[in-house]
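The block underneath contains the structure these notes are about, expressed in structure tokens.
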Amino acid sequence: MQTVRPCGCKGIRTCLLCETEYKITKPDLKTEFEKYSSYVYCPYCNLSWPGWDSDLYTNHPDHEGKAIEFPGVYIKLDFLNSNDNALLSNALDDIPWEVSQSGRRKQNFGPKCNFKKKKLRLGSFDGFPKSTHFVQQKFLEVPILKDFQTVEQCTLEYDPLRGASIDPHIDDCWVWGERIVTVNVMGDSVLTMTPYHGPNTKYNLKDVTEYSTTCENMKSDVKDENGDVQDIIVRLPMPQGSLMVLYGAARYKWEHCVLREDVKSRRICLAYRELTPPYLNNSSQDEEVKELLQRASIFR
């Protein structure tokens, strides 16, 4: 179905509501992924260990099996404390929600982007909610984010009653920059990573070749415990209150998704985006960039 449905889904995106009403069958990604070797990333030792269940990292340092490296991930547990989570959750619920696809709701603060036509419009964007200011201030405490300039903040709600999920994808590379930041405000979840083998025309990946990434770890080959290079699944835990940054290989070489089965309770997260170096430094867009950064410095 290519039309927008009452639930907010369109095209191949579905939720439990429209799947039931329109008798749509959604591909079972979990079953497909379980055919491959899977690993769980441990934020304590920054290694990935054999297994599927995301709470395996809590066994640290008593891991089992042989670990592999998975470059391009930074996870800070307890980035937000329980009081921060409660205050932020309540504040976000005071802001109107918009329906989104795949059983989600959203709140967007940032420019309007047309990734196919490569056009950006500032539109009505006039800053971020004041109640979320402290989150961006806390970025200064994280070395990898010391020069991060937020230009988009998107709140996403995942509802398990609607079978909320997000399909495998890479965040568009034309305007969104090298670090993909997620703050998990409510509910534990998992980000499932799968290697990308498609053309570089998708997601505007070819744009990345036009500049040298300033982030490290662009190595794409990930080897299993036997030292073989193959398709594997890497599961990144996102417990409540955690901060996750994807960069380098994890940003550009791997698709990420949230499986329906990994949304066991209401989940709220904040997603943050920066500009790419070419867009930020394009002299022909100086005035647009200055205006965008000025608006992005406002909290109302």
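The values are calculated or read from the model by the stated rules, or taken from the named source; none is laboratory data. Just so it is clear, the model here is predicted, and its values are computed rather than measured. All Cβ positions, even for glycine, are placed from backbone atoms using ideal geometry, and neighbour counts span all protein chains on display. The protein model used for the area step is the full one, side chains on, heavy atoms only, and it has no ligands, DNA or RNA in it. Shrake-Rupley method; radii C 1.70, N 1.55, O 1.52, S 1.80 Å.
A few points about this structure:
- Yes/no for residue 222 being at pLDDT below 95, among the β-branched types (Val, Ile, Thr), crowded, with 18+ Cβ neighbours inside 10 Å and over 18 Å from residue 105 (Cα atoms): yes
- Cβ-Cβ contacts under 7 Å between residues 6 or more apart (or on different chains), taken from a first residue in the stretch 186-210 that is at positive phi to a second residue that is surrounded by fewer than 19 Cβ atoms within 10 Å (Cβ to Cβ) and acidic (Asp, Glu), are listed as 203/172; 204/172.
- Residues (assigned to a helix (DSSP H, G or I), farther than 22 Å from residue 247 by Cβ and either in contact with a helix residue (DSSP H, G or I) (Cβ under 6 Å, 6 or more places away or on another chain) or touching a residue at least 40 places away in the same chain (Cβ under 8 Å) (or both)) located in the stretch 276-300: 288, 291, 295
- Residue list for the stretch 58-105, filter: more than 23 Å from residue 222 (Cβ to Cβ) and of a type in the set (Phe, Trp, Tyr): 79, 97
- Residue match in the stretch 229-236 (condition: open to solvent by 80 Å² or more (accessible area, probe 1.4 Å) and at pLDDT below 95): yes
- Residue within the stretch 256-272 that is at pLDDT below 95, part of a helix (DSSP H, G or I) and open to solvent by less than 50 Å² (accessible area, probe 1.4 Å) present: no
- Set 192, 150, 182: member being within 28 Å of residue 26 (Cα to Cα), in contact with a helix residue (DSSP H, G or I) (Cβ under 7 Å, 6 or more places away or on another chain) and modelled with pLDDT of 95 or more: 192
- The residues of the stretch 237-251 that are assigned to a strand (DSSP E or B) and either under 24 Å from residue 140 (Cβ atoms) or modelled with pLDDT under 95 (or both), listed by number, are 238, 243, 244, 245, 246.
- Qualifying residue in the stretch 108-119 (condition: open to solvent by less than 30 Å² (accessible area, probe 1.4 Å), at negative phi, out of contact with any Pro (no Cβ under 6 Å at 6 or more places or on another chain) and not aromatic (Phe, Trp, Tyr)): yes
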